[in-house]
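Here is the structure we will look at.
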Amino acid sequence: MATISDLLKFNWNELTKSDKKVGRALLSAYPLAGLETLADLAERAQVSVPSVIRCIKKLGFDGYPEFQKALHREIQIAMSSLLTTDNSGTPAAPETQHDVDDGVRLLQQSIAETFDRVQLSELRAVANLLSDPRSRILVVGGIVSQVLARYFHTYMIRIRPNIDLVENNPLERSERLLDINKKDIVVVFDFPNYDNDNISFARLAKERNAAVVLFTDQAMSPISNFADSVITSSTKSASLFNSMVPAMSILEALFSELVLIIGTKARDRIKRLSGVPGDVAVNWDREHDDDVKAGAHHSLIGRLT
């Protein structure tokens, strides 16, 4: 039986911008968000109640009550499966004995959950958007998420030209905003605690008709209310800090897709830069190059679809 999450994925390309906001709101706290009242879900998605109803009908339901009944059935099936998985009755070992193991398992689950919930069609659309070398890409991060912004910038400049990292400096950001126009793409990394400077920069860039691509956690930064594309990832971690590893996994899939889309120009650029002293290591060999030319290379996104 297809889940509500599956239905959203199957129909994602047919959804309007308003529909996608509803879909992201549902997936951000799945499945609990779908058990909220119609008004509460509309508020969570920052859309009107009629917009939520239209989205629900596009998923094949006559209305919100039928949608919630289907979600209740889905939860019951999932709970029944959990109850029958392990009846050994063996008591769990003290958590202190398995801190590292538990942390590894949680990280694996977090990555799996990220790829389970991300809309691969939207990730592919972002790759297509970023693949045009004529567009300028401005990369923005917050206090913590700057590490993701730098990671993205470090590899993107090896795939295509015209990539600028915007530092977390008020004067520089003001100067950048003066020149932003409709040909630009602003890629923002905004994770809890959400950065007010990121939000302001993205909003002003959007007002200047730049495309805004947001990478954020599953609760979603306020930038999601006006961004053109939103890619979410889990931040679950066994430590006191949010994990950035699932987001990096998403970026790995994006890089793979971009190299496939751009093709020879990207491969040649990567190989030329790999010979620069001090440059990052590039995992490229003759056999891999021959596979790409022969059409045997497939993007990570393609394998996940």
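Derivation of every value follows stated rules applied to the coordinates shown; laboratory data play no part. All values derive from a computational prediction rather than experimental measurement. Backbone-built Cβ (ideal geometry, glycine too); neighbour counts: all protein chains shown.
Take the residues in segment 214-246 that are in contact with a Leu (Cβ under 7 Å, 6 or more places away or on another chain) and within 18 Å of L177 (Cβ to Cβ); name whichever of them is surrounded by the most Cβ atoms within 10 Å (Cβ to Cβ).
My answer is I223.
How many residues does segment 170-187 contain that are within 25 Å of the chain's Cα centre (by Cα) and either closer than 20 Å to L129 by Cα or exposed (fewer than 11 other Cβ atoms within 10 Å of the Cβ) (or both)?
Count: 8.
Which condition number does G60 fail, the rest of (1) loosely packed, with under 14 Cβ neighbours inside 10 Å; (2) at negative phi being met?
(2)
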